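Comments concern the structure below.
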Amino acid sequence: MLRPDRDRRLLTTGRGIGRLTLASVFAASLLAGCGGGVPKIEDFGARGGDRTPGANATIEERANAFVVDHDAFASIGYRIDWRGFPSVMPGERIRSMDVLGDVLVVQESGSSVTLMEPETGEVRWSNQLAGPLTLFVGTERIRERLYVASEPELYVLALDTGALLERQTYEKVVSTKPIPVGRVLIFGTPSGEILAHLTANGVKYWGFDGNDSIEYSPVRVGRSVAAGTRAGDVLFVNAENGALLGRSEVFRGPGAELGAGAEQLYVASLDRSLYAFSPEGAELRWRYRTDSPLRDQPVEHEGVVYVAVASQGLVALEAGTGDVLWRSTGVGGSVVGVRGGRLTVWDSENRKAYSIDPASGEVVGQAELPGVRLMRQSPFLEGPLYVASDSGVIARFRPRF
């Protein structure tokens, strides 16, 4: 079902908005239009389809729908700092939030982008970029410009005002969030190409072809960019010129975002294995076999890589050898940060968070967070915790000690 009212919206920016009160944020959202909670094809959250409700119509309704469970967050070592309200149209959902330097960028499924102050939660500006059928893949910052990437084109915004400066088209449709290398943004594409887009003039800088579509974002590993295709092609190319550094393969493609270590790439594969590759020659360092497809991002920290396995829980492996150090039974998800020497783990599928002792795998604390949609910790070490709710609220939590 299409929503014609959304197509008639005018492109607006938040220039001159400054520090917004809750009432003015809501007023701005009304100016951008409203509509019912009709699911759209850009809603691609939880596995198997996302059936959670979208944001409510008013700021008060959004706030009331997300009641912070202080005891639950305390059990994983955090306390509330602030709650903020990005521009989210009624029925839409927060699709991404990224801490990019000194700003917090939030995008919803209806293409509104909001820039918030990480220290206070205040809104600096908001901009409705496109219609309801435009598929967006992610945001990135290069100096004082914000790049908001959709599949067919790149929106270039002034970081301080949100003003639209230009729109650039790619040589090919892209499918992943970009990663920056200098003034170049590097994407994966449905055709299997790793595509480098030069933001200075909006042209292709270099490209390298894989054997199938790239569904998860390329990552930086040393001087290389690594990507994995759906068919299992594993590619390492020079980040500066796209020259091939190494090529290997796994039996099936990745089932989650790739993991970038200090010197290795980690591929959590649908073929029931975690692989560790070296960038030079795409050498397979080790392989950890499991009994189920892997669907959570592996994360390396201080020489240990953590990955969730459905039948085993969170598994800690020695990064150099792949030897198992411990298993934390019943724990799923990915490590999002470290607080007070403990791992913070977020299981988005079951809406649970854990605090884990990295030496033993013991669960020190856990919390059920049914209203939480996304969770990020930035910086990774001892940083605050940011969460996005189903109802369209962003909240920041500080470590309790």
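The values are calculated or read from the model by the stated rules, or taken from the named source; none is laboratory data. Predicted, not measured: the structure shown is a model, and the values here were computed from it. No Cβ is skipped: glycine too gets one built from the backbone with ideal geometry, and neighbour counts run over all protein chains shown. Surface accessibility is based on the protein's heavy atoms, side chains included, excluding ligands, DNA and RNA. Shrake-Rupley method; radii C 1.70, N 1.55, O 1.52, S 1.80 Å.
Return the residues of the range 181-201 that are buried (at least 16 other Cβ atoms within 10 Å of the Cβ), over 23 Å from S248 (Cα atoms) and of a type outside the set (A, V, I, L, M, F, W, C); say none if nothing qualifies.
Hits for the range 181-201 are H197, T199.
Does D347 fit the bill of being among the charged types (D, E, K, R) and free of Cβ contacts under 8 Å to residues at least 24 places away in the same chain?
On the way: among the charged types (D, E, K, R): yes; free of Cβ contacts under 8 Å to residues at least 24 places away in the same chain: no.
Answer is no for this residue.
Can you tell me which residue in the range 83-129 is most open to solvent (accessible area, probe 1.4 Å), limited to those that are β-branched (V, I, T) and over 14 Å from G162 (Cα atoms)?
Our first condition is that a residue be β-branched (V, I, T); within the range 83-129, this holds for 88, 94, 99, 103, 105-106, 113-114, 120, 123.
From what's left, over 14 Å from G162 (Cα atoms): 88, 94, 99, 120.
On the way: V88: 4, I94: 1, V99: 45, T120: 68 Å².
Within the range 83-129, the match that is most open to solvent (accessible area, probe 1.4 Å) is T120.
Please work out if T176 is at negative phi, assigned to a loop (DSSP other than H, G, I, E, B) and open to solvent by less than 20 Å² (accessible area, probe 1.4 Å).
Details: at negative phi: yes; assigned to a loop (DSSP other than H, G, I, E, B): yes; open to solvent by less than 20 Å² (accessible area, probe 1.4 Å): yes.
Yes; evaluated as a whole, the condition is true for this residue.
Please list, ordered by first then second residue, the pairs with beta carbon atoms under 7 Å, 6 or more apart or interchain, first in the range 370-383 and touching a residue at least 12 places away in the same chain (Cβ under 8 Å), second assigned to a strand (DSSP E or B) and of a type in the set (S, T, N, Q).
G371/S389; V372/S389; R373/S389; Q377/T344; G383/Q377
Let me confirm something: among G392, G361, G322, which residue is open to solvent by less than 30 Å² (accessible area, probe 1.4 Å), assigned to a loop (DSSP other than H, G, I, E, B), on the phi > 0 side of the Ramachandran plot and in contact with a helix residue (DSSP H, G or I) (Cβ under 9 Å, 6 or more places away or on another chain)? Quick ask: steps written out before the conclusion?
Numbers: G361 fails: in contact with a helix residue (DSSP H, G or I) (Cβ under 9 Å, 6 or more places away or on another chain); G322 fails: in contact with a helix residue (DSSP H, G or I) (Cβ under 9 Å, 6 or more places away or on another chain).
None of the other options fit; the residue is G392.
If a residue counts only when it is open to solvent by 40 Å² or more (accessible area, probe 1.4 Å) and in contact (Cβ under 8 Å) with a residue 24 or more places away in the chain, which strands (runs of 3 or more DSSP E) contained entirely in the range 207-290 have at least 2 such residues?
Those strands (runs of 3 or more DSSP E) span 244-249, 284-289.
Can you say whether G49 is modelled with pLDDT under 95, within 27 Å of L129 (Cα to Cα) and surrounded by 14 or more Cβ atoms within 10 Å (Cβ to Cβ), as far as the supplied structure shows?
Values: modelled with pLDDT under 95: yes; within 27 Å of L129 (Cα to Cα): yes; surrounded by 14 or more Cβ atoms within 10 Å (Cβ to Cβ): no.
No: the conditions fail for G49.
Could you list all residues from the range 370-382 that are open to solvent by less than 10 Å² (accessible area, probe 1.4 Å) and either among the acidic types (D, E) or under 21 Å from V307 (Cα atoms) (or both)? Reasoning before the result, please.
Filtering the range 370-382 down to residues open to solvent by less than 10 Å² (accessible area, probe 1.4 Å) leaves 372, 375.
M375 - this is the single residue of the range 370-382 that is open to solvent by less than 10 Å² (accessible area, probe 1.4 Å) and either among the acidic types (D, E) or under 21 Å from V307 (Cα atoms) (or both).
Which numbered condition in (1) farther than 23 Å from A316 by Cα; (2) touching a Ser or Thr at 6+ places or on another chain (Cβ under 6 Å) is the only one that A367 fails?
The single condition A367 does not satisfy is (1).
Give me the residue from the range 332-350 that is assigned to a loop (DSSP other than H, G, I, E, B) and of a type in the set (S, T, N, Q) and, out of that set, farthest from R295 (Cα to Cα). Reasoning before the result, please.
Keep residues of the range 332-350 that are assigned to a loop (DSSP other than H, G, I, E, B), which gives 332-333, 340-341, 348-350.
From the residues that got through so far, the ones that are of a type in the set (S, T, N, Q) too are 348, 350.
Numbers: S348: 11, N350: 13 Å.
This residue is N350.
Take the range 148-159 and flag every residue that is closer than 20 Å to L195 by Cβ and either assigned to a strand (DSSP E or B) or of a type in the set (F, W, Y) (or both). Can you show your working first?
Here is the first cut: in the range 148-159, the residues closer than 20 Å to L195 by Cβ are 148-156.
Of everything in the range 148-159, those that are closer than 20 Å to L195 by Cβ and either assigned to a strand (DSSP E or B) or of a type in the set (F, W, Y) (or both) turn out to be V148, A149, S150, E153, L154, Y155, V156.
Quick check on V267: is it out of contact with any Asp or Glu (no Cβ under 8 Å at 6 or more places or on another chain) and more than 16 Å from G192 (Cα to Cα)?
Details: out of contact with any Asp or Glu (no Cβ under 8 Å at 6 or more places or on another chain): yes; more than 16 Å from G192 (Cα to Cα): yes.
Against the criterion (out of contact with any Asp or Glu (no Cβ under 8 Å at 6 or more places or on another chain) and more than 16 Å from G192 (Cα to Cα)), V267 qualifies.
A quick yes/no check of all residues on (1) closer than 29 Å to G383 by Cα; (2) among the small types (G, A, S):
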residue: S126; (1), (2): yes, yes
residue: A158; (1), (2): yes, yes
residue: T176; (1), (2): yes, no
residue: G207; (1), (2): no, yes
residue: S213; (1), (2): no, yes
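Testing P370 on (1) farther than 29 Å from V123 by Cα; (2) not in a strand (DSSP E or B), one condition comes back false. Which one is that?
All conditions pass for P370, except number (1).
Note down all Cβ pairs under 8 Å where the first residue falls in the range 157-175 and is over 19 Å from I186 (Cα atoms) and acidic (D, E), the second is open to solvent by 30 Å² or more (accessible area, probe 1.4 Å) and modelled with pLDDT of 95 or more, and they're at least six residues apart or on different chains.
Going by the 8 Å Cβ cut-off, the qualifying pairs are D160/R124; D160/E144.
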